[in-house]
1. Once you charge only the Cβ atoms, +1 for Lys and Arg and -1 for Asp and Glu, what is the size of the charge dipole of region 354-476 about its Cα centre, to the nearest 20 debye?
2. Starting from the Kirkwood Rh over alpha-carbon pairs, what translational D in µm² s⁻¹ does region 131-233 have by Stokes-Einstein at 10 °C and 1.306 mPa s?
3. Name the residue from Leu280, Ala87, Leu581 whose Cα lies farthest towards the positive end of the charge dipole of the chain, charges +1 on Cβ of Lys and Arg and -1 on Cβ of Asp and Glu.
4. Once both labels are modelled 7 Å past Cα along the beta-carbon direction, what's the Asn410-His142 spacing in nm?
5. Cα centroid distance between region 374-436 and region 293-347, in Å?
6. Rg and Dmax in Å for region 274-365, alpha carbons only: what are they?
7. Along the Cα→Cβ direction, 7 angstrom out, place labels at Asp207 and Thr162. What is the inter-label distance in nm?
8. How long are the three semi-axes of the equivalent ellipsoid for the chain, computed from the Cα gyration tensor as the root of 5 times each eigenvalue, in whole Å, largest first?
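Every number here is computed from the coordinates shown, using simple stated rules; none is lab data. Because the structure is a prediction, the values reported are computed rather than measured. Cβ atoms come from the backbone with ideal geometry, glycine included; neighbour counts cover every protein chain shown.
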Amino acid sequence: MENNKGKDQKDKVSFKNTSELLFAIFCGTFLIIGFFIEKFTDLQQWLSLASYLVGYFFGGYFITVEASKKIIKGGFDIDFLMIAAAAGAAYIDSWAEGALLLFLFSLGHALEHYAMNKAKTSIQALNKLSPKTALIKKNGKHEEIAIESLKLQDIIIVKPNTKIAADGVIIKGSSSINQAPITGESIPVDKKCIENTTNLPEFNNIDKKHIVYAGTINGNSNLEVLVLKLSEDSTVSRLIKMVSEVETQKSPTQRLTKKFEKWYVPAVIIIVFLLCFAHLIMDETFNTSFYRAITVLVAASPCALAISTPSAVLSGIARAAQKGVLIKGGKALENLGDLTTIAFDKTGTLTEGRPKLTNVVPIHNFNEIEFVRIVLEVESLSNHPLAKAIAKDIKAQYNIETQNNATDANEIQGKGIHALYNGHDVFIGNSKLMKETGLEVDKLVIAKKKSLLNLGQTVMLVAYKNKIIGLISVMDLPRETAADTLKQLKEIGIKHMVMLSGDHQNVGNAIAKQIGLNEVKGNLLPEEKVAEIKKLIKDYSKIAMVGDGVNDAPAMALSTVSVAMGAAGSDVALETADVALMSDKIENLPFLIGLSRQSKRTIKQNIWISLGVVVLLVPVTILGLTNIGLAVAFHEGSTIIVVLNALRLLRYNLN
């Protein structure tokens, strides 16, 4: 029932957003039709007037509804003055100007509401991380129950290639766990059961090689997991709570705007109302006083001011869209320009996000082609993600295919794989596997392995016919454009950049060295990333977080501006982020920051123009030194100047 209510509410919001946008488009359409009839045809005047009236209806409908709700509660804002300004324009027969005003304002309203409601779906996206049911072991039988019914100390059965239902400790079995949804690690982590389940320490104190998290994905083995955290306390639930708390906070810009509207709008209303009765103390007729009051209303209504920011924001967002970047609203667009600090996730952001074969090192003069053929044949028999990556890259780099010469593969959890190649033993794995097999790891092998580990690579030894014949290594490589992007960011004034990664520190250090990044924080869980973001905000005030995974969502939500890598990004990161690089090009970041800075300059220019006209016109109209026609000319002229100035952003390019 709750899900249906949520769906119905979501459908209503979606329908309202679509309706607002359609009404704005209809307003613009009838504005153009009316203007064309009035200026370029000899048709009767009532036809153009009818078209403007229809435009007024579509452009003013949602604004009027919102303003009415606020008026009932005793609140007046710019929506109300925009309606009053449109009515004033109609009073002096400036129907085209009024319809144009309503079109621009309603369009800005529609797009702003769409972006705001789109961001709220991040909570639903996070909830999808955990499975809805769990398979528990009870009295020797298996029973499927709702995730909410799980209790502490329950034993859940996790089948191969399925999501884990709760945070807990493995008590039976071993497997490779894809932790990317939670920790951001690029390579699946080998986990094994804990030997002693009595007197378990606190969850956070248990060795991580025994711990699994809700929402992570099991490998190819069956597991039994002892539940140590209820669903509301799980890692995923904490992510949901973090994002929810941050998303409900209002920005300083929103609060400042509300304060301005709170005082300005009532002040204008009071002044206009009092001017209607100026004839009581001045030697003039009521009609003259009323005429002056309407003139002041037109002059004081902040039409240009109201669209000065939306028009610039819309132009900036449209320009970004042309470059494959989605910006969710003016707050993000403005804040980007103030940044001097950026935090990057590693996996999928600064790197490609998938392991690749980086080194093939045969030793003792073993033939390289024969070496890679042995590795290919054996690794092709494994379902381990690293094995698949190695096999795929060997085929691509050496242009060879398997010949089915390897048999009897046996994966040794946490250590490697054993198979027969042409009847002889082959072992591929870590040093522990080699030692347990009785093979000597000599100084040459140790030295080569150490040099590769120092480069942040995952290294495996290869043994054939009871002798180590070489090494292979894999690594999540940096994006080709990462180094140039960071260099450009430094050139445009980004003074501090840091990598926040769930991977090991030495892996982060190796990537950072290759791309020219000085500061790296590794081995971070989601809440630790949040803590690092808080430190950065304390030290540098405004920061951006660039990430692509679910584990980045809380840190992204907390940052001043969050940027999600599009094609490689998770739904949650995309929904939570203020900015999405839809084409997955990190090299668009410098352009984006430059566009933001130009947008901020344009917004400031527009505000000065619009306020300048209001400050000039209001005293002049109060004193009766001008007529409505001249007031409208200046008023609408400033509106046109503001819009044209904003449209210049559509041609922006980074110098």
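1. On the way: 15 positive and 13 negative charges, 84 e Å.
The calculation lands at about 400 debye.
2. Values: Rh = 13.4 Å.
Once the numbers are plugged in, D ends up at 118 µm²/s.
3. Leu581
4. 2.6
5. 55
6. For region 274-365, the Cα-based Rg and Dmax read 30.3, 111 Å.
7. 2.7
8. Details: eigenvalues 814, 145, 87 Å².
Output for the chain: semi-axes of 64, 27, 21 Å.
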